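Visitor: Here's a structure for you.
The values are calculated or read from the model by the stated rules, or taken from the named source; none is laboratory data. It should be emphasised that the depicted structure is a prediction, and the values quoted were computed from it without experimental measurement. Here the Cβ positions follow ideal geometry from the backbone for every residue, glycine too, while neighbour counts run over all protein chains shown. Areas reflect the complete protein model, heavy atoms only, side chains present, ligands, DNA and RNA absent. Shrake-Rupley method; radii C 1.70, N 1.55, O 1.52, S 1.80 Å.
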Amino acid sequence: MQILFITSNRLGDAVISTGVLDALQKRYPAAMFTVVCGPVAAGLFEADPRCERIITMEKRRHDRHWFELWRACYRTRWFMVVDLRGSLIGLTLRARRRIIVRGGRRPGLRVEQLGEALGYRRTPMPRVWTSEKQRAEAVATLSEGRWLALGPTANWDGKIWPPERFVELAQALKAKNLRPVVFYGPGEGERARAEPVLKALPEALDLGGDKSLGEVAALLQLCALFVGNDSGLMHLAAAAGTPTLGLFGPSRASEYAPAGRFARFVEAPGPEGDAPIEGLSVAAVLKVVKEILREKDTCGSDRCSD
């Protein structure tokens, strides 16, 4: 039983889609999955034992990437094609069943829209897969302490909370014995955005830039809290089960708030989609952080239902 699962090129949207992938795996326990995604998101699925193949699709001129995907898939007689990109490729492949989710942005949480499109009454929450080796290496890296994960970067500067406020937040949380860990993505741009925070917090661990998504997810699972800008990393932290606070300014929390058991968000004052993130104060963030930590401490995993 073969299922083709076509998800987003963007990391955040791909993380959000892991909830419905997990739900499909539970619904069809005998099925094996081929996942189609962009190169930046491929690492999400590498440790998934039910994912037997990952096809990375990079955009090409004249939509050639869709033809190349068709060539990679047309020989298989699929039990199901699930296309979260809203393309026509599912109609051109041999499949017993097709689920094509309309593309484009629309009001409402994306995670709920995907669940509804696949017929789930209860929204499937995003998740991560990590290998035994990744978990062991994470434990060796974060062996002792209570860790505060910071995500001070994003895919465009308008979404980035000022670095000095991340520093002020980390210093305020020292009283709760939280030690800072800084995460960021690969590339010089990501490193440059994280650099001011790293320089101002010399005690912080630098865990950005060169790690796979599975490694990052395993590290995040050991952190007491994640605070970061609206980004793929924010969604990954929430999917990993880390208590997560997403910081929103000009992006829309009503569509892309982090989804998870202890996931929350805080928005800069102003109209949604047009609020400068510089208007978000440390006091406002710290208030919600304390609420999350209090809820986590009160609601232990052995006593609270999901």
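Visitor: Looking at the range 248-299, which of its residues are of a type in the set (A, V, I, L, M, F, W, C), assigned to a loop (DSSP other than H, G, I, E, B) and in contact (Cβ under 8 Å) with a residue 60 or more places away in the chain?
Guide: The answer is 257, 259, 280.
Visitor: Taking only the range 246-296 into account, find how many residues are acidic (Asp, Glu) and over 26 Å from residue 17 (Cβ atoms).
Guide: Of the residues in the range 246-296, 4 are acidic (Asp, Glu) and over 26 Å from residue 17 (Cβ atoms).
Visitor: Does residue 175 count as hydrophobic (A, V, I, L, M, F, W, C), under 17 Å from the mean Cα position of the chain (by Cα) and in a helix (DSSP H, G or I)?
Guide: When the stated conditions are applied, residue 175 does not pass them.
Visitor: Restricting attention to the range 20-41, report how many residues are without any contact (Cβ under 8 Å) to a residue 40 or more places away in the chain and over 15 Å from residue 81 (Cα atoms).
Guide: Residues in the range 20-41 being without any contact (Cβ under 8 Å) to a residue 40 or more places away in the chain and over 15 Å from residue 81 (Cα atoms): 5 in total.
Visitor: Still on this structure: Look through the range 37-53, keep the residues that are charged (D, E, K, R) and under 19 Å from the mean Cα position of the chain (by Cα), and return whichever of them is most open to solvent (accessible area, probe 1.4 Å).
Guide: So the residue we want is 46.
Visitor: In addition: Given the criterion of a type in the set (A, V, I, L, M, F, W, C), surrounded by 11 or more Cβ atoms within 10 Å (Cβ to Cβ) and over 19 Å from residue 255 (Cα atoms), identify the matching residue among 125, 80.
Guide: On the way: 125 fails: over 19 Å from residue 255 (Cα atoms).
That would be 80, the only listed residue that is of a type in the set (A, V, I, L, M, F, W, C), surrounded by 11 or more Cβ atoms within 10 Å (Cβ to Cβ) and over 19 Å from residue 255 (Cα atoms).
Visitor: Inside the range 1-102, counting only strands (runs of 3 or more DSSP E) that do not spill past its ends, which hold 3 or more residues that are of a type in the set (D, E, K, R) and farther than 30 Å from residue 154 by Cα?
Guide: 95-100
Yes/no per residue for (1) closer than 17 Å to residue 7 by Cα; (2) polar (S, T, N, Q); (3) modelled with pLDDT of 95 or more:
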| site | (1), (2), (3) |
| --- | --- |
| 76 | no, yes, yes |
| 105 | yes, no, no |
| 148 | no, no, yes |
| 178 | no, no, yes |
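Visitor: Another question, if that's okay. Just to verify a result, which residue in the range 113-142, among those that are of a type in the set (Gly, Ala, Ser) and in a helix (DSSP H, G or I), is farthest from the chain's Cα centre (by Cα)?
Guide: The first filter runs over the range 113-142 and keeps only residues of a type in the set (Gly, Ala, Ser), leaving 115, 117, 119, 131, 136, 138, 140.
With in a helix (DSSP H, G or I) added as a condition, the list becomes 115, 117, 136, 138, 140.
On the way: 115: 16, 117: 20, 136: 21, 138: 18, 140: 23 Å.
Filtering the range 113-142 for residues that are of a type in the set (Gly, Ala, Ser) and in a helix (DSSP H, G or I), the one farthest from the chain's Cα centre (by Cα) comes out as 140.
Visitor: Name the residue that is least open to solvent (accessible area, probe 1.4 Å), counting only residues in the range 172-187 that are over 29 Å from residue 129 (Cβ atoms) and either in contact with a strand residue (DSSP E or B) (Cβ under 9 Å, 6 or more places away or on another chain) or without any contact (Cβ under 8 Å) to a residue 12 or more places away in the chain (or both). Please lay out each step first, then the result.
Guide: First, pick out the residues of the range 172-187 that are over 29 Å from residue 129 (Cβ atoms): 172-177.
Filter once more, so that each one left must be either in contact with a strand residue (DSSP E or B) (Cβ under 9 Å, 6 or more places away or on another chain) or without any contact (Cβ under 8 Å) to a residue 12 or more places away in the chain (or both): 173-177.
On the way: 173: 2, 174: 102, 175: 88, 176: 84, 177: 115 Å².
Only one residue fits best here, namely 173.
Visitor: Just to check your reading of the model, which residue among 7, 18, 56, 34 is open to solvent by 60 Å² or more (accessible area, probe 1.4 Å), among the polar types (S, T, N, Q) and either modelled with pLDDT of 95 or more or closer than 18 Å to residue 130 by Cβ (or both)? Break it down into steps so the answer makes sense when it comes.
Guide: Values: 7 fails: open to solvent by 60 Å² or more (accessible area, probe 1.4 Å); 18 fails: open to solvent by 60 Å² or more (accessible area, probe 1.4 Å); 34 fails: open to solvent by 60 Å² or more (accessible area, probe 1.4 Å).
Going through 7, 18, 56, 34 in turn, just one is open to solvent by 60 Å² or more (accessible area, probe 1.4 Å), among the polar types (S, T, N, Q) and either modelled with pLDDT of 95 or more or closer than 18 Å to residue 130 by Cβ (or both): 56.
Visitor: Would you check if residue 165 is outside any loop (DSSP other than H, G, I, E, B), among the basic types (Lys, Arg), in contact (Cβ under 8 Å) with a residue 40 or more places away in the chain and surrounded by 18 or more Cβ atoms within 10 Å (Cβ to Cβ)?
Guide: yes
Visitor: Could you please find all residues in the range 84-104 being open to solvent by 70 Å² or more (accessible area, probe 1.4 Å) and either over 19 Å from residue 37 (Cβ atoms) or hydroxyl-bearing (Ser, Thr, Tyr) (or both)?
Guide: Within the range 84-104, 91, 92, 94, 96, 97 meet the criteria.
Visitor: Now, a different point. Which of the residues spanning the range 198-227 are in contact (Cβ under 8 Å) with a residue 24 or more places away in the chain, surrounded by fewer than 22 Cβ atoms within 10 Å (Cβ to Cβ) and over 12 Å from residue 181 (Cβ atoms)?
Guide: Within the range 198-227, 200, 209, 210, 212, 215, 221 meet the criteria.
Visitor: Still on this structure, please answer the following. Where residues in the range 95-141 are aliphatic (A, V, I, L, M), in contact (Cβ under 8 Å) with a residue 40 or more places away in the chain and in contact with a Gly (Cβ under 8 Å, 6 or more places away or on another chain), which of them is farthest from residue 211 (Cα to Cα)?
Guide: 114
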